[in-house]
């Protein structure tokens with residue numbers, strides 16, 4: 001174990017913990033809110049079960065606007081909103097607010113795309129058997145699109161890790177922030193490289209797991 | 001069993017179905033034939049309201065589908081089975097689960113579901129492969145799973161949208177036998193849309209010819225039975241030779 005890693009082990013563990021909190025909350029937001037939003041984007045499209053041009057174009061516009069923000073600008077722009085929700089705009093907890101918002105926008109779009117790949121005929125068969133909207137979603141759409149939903153979430157999680165690295169601007173911490181403050185600003189290039197290695201390992205693990213799971217559950 | 005009163009259907013400015021009235025009797029196998037784009041599939045899909053008519057009324061088994069609430073329509077659909085040209089099975093569900101879902105939707109008593117699924121799979125001769133996924137099946141097997149799924153809730157009517165159009169002649173004969181069984185043994189009224197005259201002539205009692213969204217004629221016929229199809233290589237060569245001499249290439 002290199003000397004420098006042992007020297008900074010407390011800070012490194014703390015940073016990893018902060019990254020886990022930020023990315024973990026983003027994943028929860030993506031699943032709890034992004035999945036339903038993506039499903040609604042799909043269902044309210046023209047020709048789909050809940051066709052509704054108003055709901056579709058509103059959601060579509062919001063998702064597009066959030067995604068077109070440069071992320072750093074979104075973080076700063078959301079500071080007043082974060083303050084209302086968390087009570088402060090500084091720290092790891094505050095950092096989860098903009099991260100969750102981009103997570104929802106990001107994953108909902110990927111959910112919509114996965115659902116669009118479900119053959120139209122399968123949905124028709126479901127309707128012909130008397131399925132309700134809820135049953136079509138849970139017994140047909142999610143079953144048929146499940147590997148796409150997992151791959152989309154994998155891609156999203158990797159983006160969340162990347163987004164989380166700049167949360168140092170609002171004191172969110174995390175490995176990225178640690179690498180910049182100690183590795184870059186204090187000229188400890190070796191420390192920065194170790195941090196990059198840690199992130200590469202994380203991303204590899206996530207991608208490998210996601211791909212493997214998607215493959216196992218895909219029977220198509 | 002099925003009554004259409006002055007039903008019409010348009011997409012944008014194009015009228016696919018022009019005020020059709022039609023009565024299909026209980027227990028018959030009713031054929032609908034016509035050129036591509038004549039509106040025959042649309043006509044069939046109106047019978048379970050997969051397509052909502054612009055005007056007119058559709059009555060199935062004494063219920064006026066067009067006036068039902070969404071909930072009652074779903075209930076009515078559970079006694080109208082449907083099969084499709086491309087089978088439309090859920091690829092991520094096993095054969096067993098594909099049939100099971102139809103019972104779940106109909107709130108079929110939980111404890112009896114398993115035996116009912118097996119019973120339906122036995123009817124179509126697939127009980128031995130119920131743990132397989134659709135991707136592992138042949139086209140004919142997939143269509144049989146679809147039939148098992150469609151009959152699971154003891155429907156009064158079975159709507160068949162080009163059920164054999166993506167199958168080879170031998171498999172077509174197999175599927176037609178299953179459909180005939182569904183009609184004879186289970187007493188289900190069957191409506192078949194097809195562009196294949198052989199299919200229509202082999203099992204239908206009455207046939208409507210559709211042209212440009214209108215009924216051209218409806219005729220009663222004597223079903224001539226499903227032809228056994230001999231597809232051995234020898235037979236194929238003989239058929240090729242029939243139209244003149246064949247040079248061995």
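The values are calculated or read from the model by the stated rules, or taken from the named source; none is laboratory data. If you're wondering where the values come from, they're calculated on a predicted model, not measured in any experiment. Please note: Cβ atoms are built from the backbone with ideal geometry, for glycine as well, and neighbour counts cover all protein chains shown.
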Exercise. Mind telling me which of the residues A:139, A:219, A:215 ends up being more than 28 Å from residue A:86 (Cα to Cα) and part of a loop (DSSP other than H, G, I, E, B)?
Key: A:219
Quiz item: Within the group A:126, A:103, which residue is closer than 30 Å to residue A:90 by Cβ and either at the interface with another protein chain (Cβ under 9 Å from one of its Cβ atoms) or at pLDDT 95 or above (or both)?
Solution: A:103
Exercise. Kindly indicate whether any position in the range A:105-112 is touching a helix residue (DSSP H, G or I) at 6+ places or on another chain (Cβ under 6 Å) and without any contact (Cβ under 8 Å) to a residue 40 or more places away in the chain.
Key: no
Self-check item: Criterion (more than 14 Å from every other protein chain (Cβ to nearest Cβ) and modelled with pLDDT of 95 or more) met by exactly one of A:152, A:176, A:172
Solution: A:152
Quiz item: How many residues does the range B:179-190 hold that are within 23 Å of residue B:33 (Cβ to Cβ) and surrounded by fewer than 20 Cβ atoms within 10 Å (Cβ to Cβ)?
Solution: 4
Quiz item: For residue A:84, all conditions in the list (1) under 25 Å from residue B:52 (Cα atoms); (2) free of Cβ contacts under 8 Å to residues at least 60 places away in the same chain; (3) out of contact with any strand residue (DSSP E or B) (no Cβ under 6 Å at 6 or more places or on another chain) hold save one; what is the number of the exception?
Solution: (1)
Quiz prompt | Hits in the range A:184-212 (condition: outside any helix (DSSP H, G or I) and either within 14 Å of chain B (Cβ to nearest Cβ) or surrounded by fewer than 12 Cβ atoms within 10 Å (Cβ to Cβ) (or both)) | solution = A:185, A:186, A:187
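Condition check ((1) free of Cβ contacts under 8 Å to residues at least 24 places away in the same chain; (2) within 18 Å of the chain's Cα centre (by Cα)) across all residues:
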residue	(1), (2)
B:5	no, no
B:26	no, yes
B:36	no, yes
B:51	no, yes
B:60	no, yes
B:65	yes, no
B:79	no, yes
B:85	no, yes
Quiz prompt | Options A:148, A:171: the member that is within 30 Å of residue A:129 (Cβ to Cβ) and touching a helix residue (DSSP H, G or I) at 6+ places or on another chain (Cβ under 9 Å) | solution = A:148
Exercise. Report yes if residue A:168 is without any contact (Cβ under 8 Å) to a residue 60 or more places away in the chain and under 22 Å from residue A:89 (Cα atoms), otherwise no.
Key: yes
Quiz prompt | Filtered residues of the range B:136-166 (kept if part of a loop (DSSP other than H, G, I, E, B), over 13 Å from the mean Cα position of the chain (by Cα) and either buried (at least 24 other Cβ atoms within 10 Å of the Cβ) or within 11 Å of chain A (Cβ to nearest Cβ) (or both)) | solution = B:152, B:153
Practice problem: Within the range B:158-172, track down each residue that is closer than 18 Å to residue B:32 by Cα and in contact with a helix residue (DSSP H, G or I) (Cβ under 8 Å, 6 or more places away or on another chain). | Solution: B:158, B:159, B:160, B:161, B:162, B:163, B:164, B:166, B:172
Exercise. From A:140, A:160, grab the single residue that is at pLDDT 95 or above and either within 11 Å of chain B (Cβ to nearest Cβ) or surrounded by fewer than 19 Cβ atoms within 10 Å (Cβ to Cβ) (or both).
Key: A:140
